[in-house]
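What follows is a single structure, written as structure tokens, with notes after it.
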Amino acid sequence: MEDSFSRRHGYHPEEKEIKVRNDAPYDLRGVIVDIAYGKGFSPKTLRPVVCRALLKRPDPNNWSEYPNIDEEIRNLLDDCEWYKVYDVIEEIYHSAYPAQTQSFETDINAFFREEGIGWQLISGKIEVRGEEGFEVGLKKAHQTLDQSGLQTGSKEIHEAILDLSRRPSPDITGAIQHSMAALECVAREISGDQRATLGEILKRFQGLVPKPLDKSIEKAWGFASEMGRHLREGRAPSFEEAELILGLCATISTYLVKKHNQH
């Protein structure tokens, strides 16, 4: 796949809208095996990896690689729970030859993007993936905060991503809490007040964010406080709302750091 016509000439299909999260499509279950074979695995070396991830015992009656062991692997993947498929992907990554891990990651992520699957393999771990603009905003926030020495804020954003990446059920409230904590860390650093809440900082430092955008941030803070900290019965936030808060906090954090560094 690395030397395919499309790769050599830079052709690739447009990234599809994300439509798959809590599922592992049928095609993905088969493609995993094909990609693994392309990275040096054989049916005999891949089977223990898949069985280890799925907590299954290899069939002692299957000796020949084709079709027996190959078919056993594919049946195991076809029959397991959707979230276990992503466990298998992580296990294959960590079991591959070191020289093949990056290539395996690239091929898996290419399939995710082409099929609208809302996950991505990052350094051997499956993490939630958003639309292209969302991903660009998060990457920029990480870089900006790290370069400015704001590791705590950067870590909070990463923790929010991990909460959204939990399988089979994401930690929505946790993601919202970590997102707002990241923005609060940045605001405290810039304002010089390490004890004030984000709401207090916005009221006290009127020029921190231009009007009327400051009101929008205050409302987002209120929403996050209600949904992430003081959850009401029967009003659970959605994945999309948590994703929105995360993207908003990442973007505003980047803006505040860049604005502060210019002065």
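Each value in this text was obtained by applying a stated rule to the coordinates, not by laboratory testing. Values in this document were obtained by computation on a predicted structure and should not be read as measured data. A quick note on method: Cβ atoms are made from the backbone with ideal geometry, for glycine too, and the neighbour counts reach across all protein chains shown.
If we count chymotrypsin sites (Phe, Trp or Tyr not before Pro) as exposed when they sit in a DSSP loop and have at most 11 other beta carbons within 10 Å, what is the longest stretch of the chain that avoids them all?
Within the chain, the longest run free of exposed chymotrypsin sites (Phe, Trp or Tyr not before Pro) spans 64-263.
To the nearest ten degrees, helix 26-38 and the longest principal axis of the Cα atoms of the chain are 70 degrees apart. A simple count of charges around Ile69, restricted to other residues whose Cβ falls under 14 Å of its Cβ and scoring Lys, Arg +1 and Asp, Glu -1, yields 0.
Charges only on Cβ, +1 for Lys and Arg, -1 for Asp and Glu: so what's the dipole of the chain about the Cα centre, in debye to the nearest 20?
Numbers: 34 positive and 43 negative charges, 201 e Å.
With Lys and Arg at +1 and Asp and Glu at -1, about 960 debye.
The alpha-carbon of Lys203 sits under 17 angstrom from the alpha-carbons of these aspartates and glutamates, leaving out residues fewer than 8 places away in its chain: Glu184, Glu189, Asp193, Asp214, Glu218. Which of rounded, prolate, oblate describes region 132-261, given a ≥ b ≥ c as roots of the alpha-carbon gyration tensor eigenvalues and a/c under 1.5 marking rounded, otherwise prolate only if a/b is larger than b/c? Oblate is the answer for region 132-261, as a/c is 1.5 or above yet b/c matches or exceeds a/b. Approximating the spin labels as points 7 Å out from Cα along Cα→Cβ, the Ser225-to-Lys16 distance works out to 4.3 nm.
My understanding is that a pair violates if its Cα-Cα distance is over 24 Å; which of Lys84/Lys140; Lys155/Lys258; Lys19/Lys139 do that in this structure?
Pairs exceeding 24 Å: Lys84/Lys140.
Each Cα pair under 8 Å and six or more residues apart adds its sequence gap; the mean of these over the residue count of the chain is a relative contact order of 18 percent.
The aspartates and glutamates within cross-link reach of Lys16, meaning a Cα-to-Cα straight distance under 12 Å and a gap of 8 or more places when in the same chain, are Glu114, Glu115, Glu131, Glu132. Between helix 213-224 and the chain there is an angle of about 60 degrees, using the helix long axis and the longest principal axis of the Cα atoms.
Across the options Asn261, Tyr26, Ile126, the greatest Cα extent toward the positive end of the charge dipole of the chain (unit charges at beta carbon of Lys, Arg, Asp, Glu) belongs to Asn261. Within the shell defined by Cβ-Cβ distances under 11 Å, the residues around Ile201 carry a net charge of -2, with Lys and Arg each +1 and Asp and Glu each -1. The long axis of helix 82-95 is offset from the longest Cα principal axis of the chain by roughly 80 degrees. Separation of region 178-213 and region 47-111, taken as the distance between their Cα centroids, equals 47 angstrom.
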